[in-house]
2 protein chains.
Amino acid sequence: MTKEAVQGATEEEQQAQSKKALKKQQKEAEKAAKKAEKQAKLDFAKDRYGVSAMVQSQQKLDRELVRVQDLTPEKADQLIWLRARVHTSRAKGKQCFLVLRQQQFNVQALVAVGDRASKQMVKFAANITKESIIDVEASVRKVEQKIESCSQQDVELHVERIFVISQAEPRLPLQLEDAVRPDGEGEEEGRATVNQDTKLDNRVIDLRTTTSQAIFRLQSGVCQLFRDTLTQKGFVEIQTPKIISAASEGGANVFTVSYFKTSAYLAQSPQLYKQMCICADFDKVFCVGPVFRAEDSNTHRHLTEFVGLDIEMAFNYHYHEVIDSITDTMVQIFKGLRDNFQTEIQTVNKQFPSEPFKFLEPTLRLEYTEGVAMLREAGVEMGDEDDLSTPNEKLLGRLVKEKYDTDFYVLDKYPLAVRPFYTMPDPNNAKYSNSYDMFMRGEEILSGAQRIHDAQLLTERATHHQIDLEKIKSYIDSFRFGAPPHGGGGIGLERVCMLYLGLHNVRQTSMFPRDPKRLTP
Amino acid sequence: MTKEAVQGATEEEQQAQSKKALKKQQKEAEKAAKKAEKQAKLDFAKDRYGVSAMVQSQQKLDRELVRVQDLTPEKADQLIWLRARVHTSRAKGKQCFLVLRQQQFNVQALVAVGDRASKQMVKFAANITKESIIDVEASVRKVEQKIESCSQQDVELHVERIFVISQAEPRLPLQLEDAVRPDGEGEEEGRATVNQDTKLDNRVIDLRTTTSQAIFRLQSGVCQLFRDTLTQKGFVEIQTPKIISAASEGGANVFTVSYFKTSAYLAQSPQLYKQMCICADFDKVFCVGPVFRAEDSNTHRHLTEFVGLDIEMAFNYHYHEVIDSITDTMVQIFKGLRDNFQTEIQTVNKQFPSEPFKFLEPTLRLEYTEGVAMLREAGVEMGDEDDLSTPNEKLLGRLVKEKYDTDFYVLDKYPLAVRPFYTMPDPNNAKYSNSYDMFMRGEEILSGAQRIHDAQLLTERATHHQIDLEKIKSYIDSFRFGAPPHGGGGIGLERVCMLYLGLHNVRQTSMFPRDPKRLTP
């Protein structure tokens, strides 16, 4: 009865109608209860499936959940419990085939009408939305023919109980199988691929794909290899502040923060702090942390926030001691990835094919003048002291690959004019400097140098670069009380991952990328 | 001749005077040269000392530099090169005693007039300013009586060559021996201690003290133990963005960043991103990174930027699975520090005495109501649903220590009203929640909870907390496509180090602390 109908009737009429409605409702309820009772009697499996109450830590269940990757023929004929996502489901007569997924692993499961499953239970299973999380109790069965479409090819699960733990909404913003499809594949059948913005807008789902799982497990590996190698070399991990009082590196491309009643900036690199640690006797330091660049660049390799892997160390007599430490660290990372992350590399390669990453031992080191000569020979016109443009960097990378068969090399002794004020000039040629970049597949991944450790020379160079000395006073003062010669460099984590895997956009190797146009999710 | 004198004379006079002056200058130069020659002849050791040219990587010297810590009796009678700081120097007749320092290690060195050193060389050595960095060639000699004041007690160095690599300015802003003096010690002799602001203003020098070196080497150890333990448990390291589009946790205490033509915020915790990773099937994740709080608190334990050690994990049936993982990780950290960082702990204890840190296995877990009961028994008046004040936290810590003899415990099941909107309510009592804090020496180091993984309940709770749903849309949407039950927590690195070592100010365990009044260095 609608509100409007009630308003149009007398009170008595209303009461009569209410009574009538109540009776009707009661009758209907009784009818429904009877029907349910009848159905329940018919459904012998009614306690074997359903939607569970939200897990709110109501109880401590003494139930072991098996991992999908552990479902091997050794477990045959065991009755196990498993929690996984419904990757796909397909009903077929009295059966429902499910593929159950846990990260990069998946297994086939079958719910079939029989002793343990009713028709209603199969129907229930068939209606579970993709990406829902379920608990199943199932018997593990060996299969005669390998299941090519699953990671667990030798067994399948015969489901005896099935409960939904968390229900996915029926309409997914993107399909996982579309998100991992190689560019161009399946176009003839009209199959979709997913563009990058849709992926990033729905990152929580996109990160579930085998490709994303592999990329970010490998990235986690890069960080670990970086730290383990340096720790073994006697480096100490430091934590440097990200909120700083002055835009130390010239003032361009820096984000401003409101800081109580004043303003502050976000650190464009931890470099000044790493150097202070060297002046404070930590000898060799590294840090892993966010780096911020307010650069309005919308390219495949620029982010406004990325993860810096930073190194700084005192050396004895020559900054090539620093280059050797860094290149050896990179080589240890490349070896570790090659030896321990083959599955991840191959998974990514399925969607994004690329040549295996090549490197030499010891690492190839070319001087800037040699690089310029190679470029000129290839027809590029450039001055001795010109910086390398991005296309020229890439071209040089190709030339180096052709000549030396390596995807990793160091370009040493950059022109002084194109480097920051704190770069140590070359002692033999005032046009050049003790600085270097490192490249992977022709793209820069590290920039570094011997730093000026003498307060007087540093003051001169800062003045030459028209930097406000008052703003970098505490930095320059760090060198007044005895400072060892030192050098270092900063590596971009996302670039290393992108280039090692032969990917083409740094947003693929940043979990939640930030660029001038993207701040979410 | 001054400029003024020149201006007062005729041109001829000027020329005559100039000639005269020139002659005089020439004569003086000749005289000085002769004197120098004579002195050089007299000083047979003139090539054995001096101020080196700035190390600019002029040459690759094939010279091994020995570490101070490796100067043991096994090296007796060897001639070695060493680079170190001048810690102290004391001239005494024809001898100069130096203490040479490398981080926490030091050794005595002697420059004495004799075969290898001239009177002038001893004088030169005696005049080297403290904290300068020098290279010495020296013969290692066993000593009959242990040198109690040095870390290398069994040998001293007989210096044969000495060169200054980097000269410290003569007036140090603070003396290292003052900076490590325990409070109150040496007061009678009028010896200074250094107050905290002076230390922090001159952090590069303060960090050279044995106490600072020990604190930050231990801190590096905490990070490593945290990561290694979690990696072994199958956790994946993630990198979460620090620049975010919305102040997700209610909007208070958040720093604003200018972001091109719009505004953004600094993340107050990586929590929402950790949770998205759980929804994206990473299962168990951790991250180590900066956390920003725009809180105008000038206390011993608040920083505006600190390092968060964050954990998040899916669990099966009960959030105590999460508590167990976290407490086990903490116990592994405590054990690792106890077993591998005794030297550092004892070094810090010399300046800041404290009781050894005690913990139980398994970790003590008390319910909030039990904690409140203990406090009431001790005379505290508080309501069931009141939050713990800082003094009450400390008092409860003391009561727990008395009763259970542990410096580490978990307080479980906080009142729902005092926790953030995303906290899972207790299934049995609507007043409480599935949340917990962890304490070291009576101070909170971790806050955590089971999170709500159901979009509908999350929406209800956010609405109840009057949070703008539009601003947390992408967060809530993360739970719409299947989300496992999960929980986690965030640990403050600086607090863990401070409390483990029994220190009393979090600025002691932050290399470059940030608070409402401090943004430098």
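Throughout, read-outs are computed from the coordinates displayed, never taken from laboratory work. Owing to the predicted nature of the structure, the values given are computational and were not obtained by experimental measurement. Neighbour counts are summed over all protein chains in view; Cβ atoms, including those assigned to glycine, are modelled from backbone coordinates with ideal geometry.
Tell me, what ³J(HN,Hα) does each residue in the stretch A:347-353 have, in order and in whole Hz, if you take phi through Karplus 6.51 cos²θ - 1.76 cosθ + 1.60 with θ = phi - 60° and put x for Gly and Pro?
Ordered by residue, 3J(HN,Hα) equals 4, 5, 4, 4, 8, 10, x Hz.
Residues in the stretch B:161-176, backbone N under 11 Å from the label point at residue B:198 (7 Å along the Cα-to-beta-carbon vector): list them, ranges by number please.
Flagged as within label range: B:173-176.
In debye, nearest 20, what is the charge dipole magnitude of the stretch B:433-521 about its Cα centre with +1 on Lys and Arg Cβ and -1 on Asp and Glu Cβ, if you could check?
Roughly 340 debye for the stretch B:433-521.
Roughly how crowded by other chains is peptide A:161-174, in terms of the mean Cβ count from those chains within 10 Å of each of its Cβ atoms?
3
Just to verify a number: FRET efficiency for residue A:191 and residue B:376, C-beta to C-beta distance, R0 = 60 Å, to 0.05?
Computed FRET efficiency for residue A:191 and residue B:376 comes out at 0.35.
Checking the cross-link filter: which lysines have an alpha carbon closer than 23 Å to that of residue B:142, excluding same-chain neighbours under 8 positions apart?
Candidates past the 8-residue exclusion: B:75, B:92, B:94.
Contour minus end-to-end for residue B:72 and residue B:129, with contour as 0.36 nm per residue of separation and end-to-end as the Cα-Cα distance?
So the extension gain works out to 17.8 nm.
Using only Cα atoms and rounding to the nearest 10 degrees, what angle (0 to 90) does helix A:368-377 make with the longest principal axis of chain A?
80 degrees
Once both axes come from the Cα atoms, what is the angle between helix A:11-42 and the longest principal axis of chain A, in degrees from 0 to 90, rounded to 10?
80 degrees
How fast does chain A diffuse by Stokes-Einstein, in µm²/s, taking the Kirkwood radius from C-alpha pairs at 10 °C and 1.306 mPa s?
Here the translational diffusion coefficient equals 57 µm²/s.
Restricting attention to the stretch B:279-386, which GluC sites (Glu not before Pro) occupy a DSSP loop and are surrounded by at most 13 other Cβ atoms within 10 Å?
Taking the stretch B:279-386 and a limit of 13 other Cβ atoms within 10 Å, the loop GluC sites (Glu not before Pro) found are B:381.
Strictly over 25 Å apart at the Cα level, which of A:471/B:517; B:274/B:358; A:199/A:274; A:242/B:274; A:242/B:261 would you flag in this model?
Over 25 Å apart, Cα to Cα: B:274/B:358; A:199/A:274.
Of all the C-alpha pairs in the protein assembly as shown, what % are more than 37 Å from each other?
The share of Cα pairs beyond 37 Å in the protein assembly as shown comes to 59 percent.
Counting only other chains, what is the mean number of Cβ atoms within 10 angstrom of the Cβ of each residue in peptide A:254-265?
What the average comes to for A:254-265 is 5.
Take the alpha-carbon centre of the stretch B:126-179, take the same for the stretch B:427-494, and report the distance between them in whole Å.
Distance between centres, Cα-based: 56 Å.
Tell me which residues come under 5 Å, amide H to amide H, from residue B:289 once H is placed; ignore anything under 5 positions away on its chain.
For residue B:289, whose amide H was placed from the backbone, the distant partners under 5 Å are B:308, B:310.
Name the residues whose placed amide hydrogens come within less than 5 Å of the amide hydrogen of residue A:106, ignoring near sequence neighbours (fewer than 5 apart) on the same chain.
Close amide H contacts, sequence-distant or interchain: A:151, A:152.
Going 7 Å from Cα along the Cα-Cβ axis for the label, what nanometre distances separate residue A:185 from the same residue across the other copies?
Distances to the matching label points in the other copies: 6.8 nm.
Could you tell me which GluC sites (Glu not before Pro) in the stretch A:42-133 are loop residues by DSSP with no more than 11 other beta carbons within 10 angstrom of their beta carbon?
Passing both the DSSP loop test and the Cβ count: A:64.
Measuring label to label, 7 Å along Cα→Cβ, what does residue B:457 give against each other copy in nm, shortest first?
Label-point distances to the other copies, shortest first: 6.4 nm.
Are there any chymotrypsin sites (Phe, Trp or Tyr not before Pro) in the stretch B:179-273 that are in a DSSP loop and have at most 16 other Cβ atoms within 10 Å? List them by number.
B:260
Provide a whole-number value for the mean count of partner chain Cβ atoms within 10 Å of the Cβ atoms in peptide A:313-326.
Mean inter-chain Cβ contacts per residue within 10 Å come to 3.
At residue B:373, with labels set 7 Å past Cα in the Cβ direction, how many nm apart are the copies from this one, shortest first?
Output for residue B:373: 8.4 nm, nearest copy listed first.
Sticking with the crude label model, points 7 Å out along Cα→Cβ, report the distance from residue B:418 to residue A:32 in nm, one decimal please.
4.4 nm
Enumerate the amide H contacts of residue A:130 below 5 Å, restricted to partners 5 or more residues apart or on another chain; note that Pro and chain-start residues carry no placed amide H.
Under 5 Å from the amide H of residue A:130: no residue qualifies.
Test of understanding: express the Cα radius of gyration of the stretch B:211-508 as a ratio to 2.2 N^0.38 Å, with N the residue count.
Cα-based Rg divided by the globular estimate yields 0.99.
In whole Hz and in residue order, list the ³J(HN,Hα) couplings for the stretch B:445-452 that follow from phi through the Karplus curve 6.51 cos²θ - 1.76 cosθ + 1.60, θ = phi - 60°; x for Gly and Pro.
10, 8, 10, x, 5, 6, 9, 6
Taking Cα atoms, how many degrees apart are the long axis of helix B:210-232 and the longest axis of chain B, rounded to 10 and kept between 0 and 90?
Rounded to the nearest ten degrees, it is 40.
7 Å from Cα along Cα→Cβ at both residue A:428 and residue B:466: what's the point-to-point distance in nm?
7.2 nm
Determine ³J(HN,Hα), in whole Hz, for all residues of the stretch B:483-489 in sequence, where each value follows from phi through the Karplus function 6.51 cos²θ - 1.76 cosθ + 1.60 and θ = phi - 60°; x replaces Gly and Pro.
Working through the residues one at a time gives 9, x, x, 7, x, x, x Hz.
Size of the dipole of chain A about the Cα centre, Lys and Arg at +1 and Asp and Glu at -1 on the beta carbon, nothing else charged, in debye to 20?
3200 debye
Need the C-alpha centroid separation for the stretch B:256-313 versus the stretch A:212-270, integer Å.
Measuring centre to centre over Cα atoms gives 14 Å.
Give the separation of the Cα centroids, the stretch B:43-101 to the stretch B:351-373, in Å.
If we compute the Cα centre of each part, the gap is 49 Å.
For the stretch B:68-166, evaluate the Debye formula with one uniform point scatterer on each Cα (no solvent term) and list log10 I(q)/I(0) at q = 0.12, 0.14, 0.19, 0.20 Å⁻¹, rounded to two decimals.
These q points yield log10 I(q)/I(0) values of -0.32, -0.44, -0.84, -0.94.
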